[in-house]
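Please treat every number below as a calculation from the coordinates, not as lab data. All values reported here derive from a predicted model rather than from experimental measurement. Using ideal geometry, Cβ is built from the backbone for each residue, glycine included, and neighbour counts are taken over all protein chains shown.
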Amino acid sequence: MNGPVAYLVTALGCLIGVAGVVVAVVAVRKGRRAARPAAPADPFRDTDSDALHGDPRTLKPGDIVEIRRVSYAVRGSVHLNEGGWSWAEHLLDTVEGDKRWLSVEEDPDLELVLWTAEPAATITPGAPTLDFAGRRYAAEESGQARFTATGSTGLDPSGTLRYHDYRAQGGERLSFEAYGQAGWEVARGEQLHRADVMVYPQAGPEAS
């Protein structure tokens, strides 16, 4: 092999080697970008209560939840998101047909509220304070969120929700919700203690 040919072969070999190193480095970098770190865990999360009472954050249609010794079936679930903030509302039903809603939110601590619909209410939201059923409620927050619904809720699979939340002294809640173009629905809420709620997950297609 003469000198020029040997030089070309050597140079080509070097180029192939460098290309292989570049490909390997790019592959490693792509792999690192694809491996996103997990969301940080709450160091104060009460894992003992989750183990003892079940985790309300994982409720889904078909589960059974016991609230103050009353058993409810989860008929459907609504998951809501507003600007990256998320929470859930679950439609509960007893064997007698007593329907309630349970909201589950971390703000940042776990907050559980049992809601009772007030279909005969004629008040509308917007004022700084509202008087209802002998109590005065002060405006707390309002906004619009996106939702997805699963199970039997009577709602579309997805859409928007407008809401106004009020709170009375002592913590009792008053909520106004309007799904899509529907009118306002009014409900009173009572905040629950963690020990008031027992979750019994049921096996099913959505079980993890």
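Some values worked out for this structure:
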{"quantity": "Which of Thr148, Ala120, Gly84, positive extreme of dipole for the stretch 83-208 (C-beta unit charges)", "calculated": "Ala120"}
{"quantity": "Backbone HN-Hα couplings from phi across the stretch 78-85 [Karplus 6.51/-1.76/1.60, Hz, Gly and Pro as x]", "calculated": "10, 10, 10, 9, 9, x, x, 8"}
{"quantity": "Within the stretch 162-184: backbone nitrogen closer than 20 Å to the Thr122 label point (7 Å, Cα to C-beta)", "calculated": "175-177, 183-184"}
{"quantity": "Table column - 3J(HN,Hα) (Hz), the stretch 132-138, Karplus curve with 6.51, -1.76, 1.60, x for Gly and Pro", "calculated": "8, 6, x, 10, 9, 10, 9"}
{"quantity": "Solution diffusion estimate, µm²/s, Stokes-Einstein, the stretch 57-200, Kirkwood Rh from C-alpha pairs, 10 °C, viscosity 1.306 mPa s", "calculated": "102"}
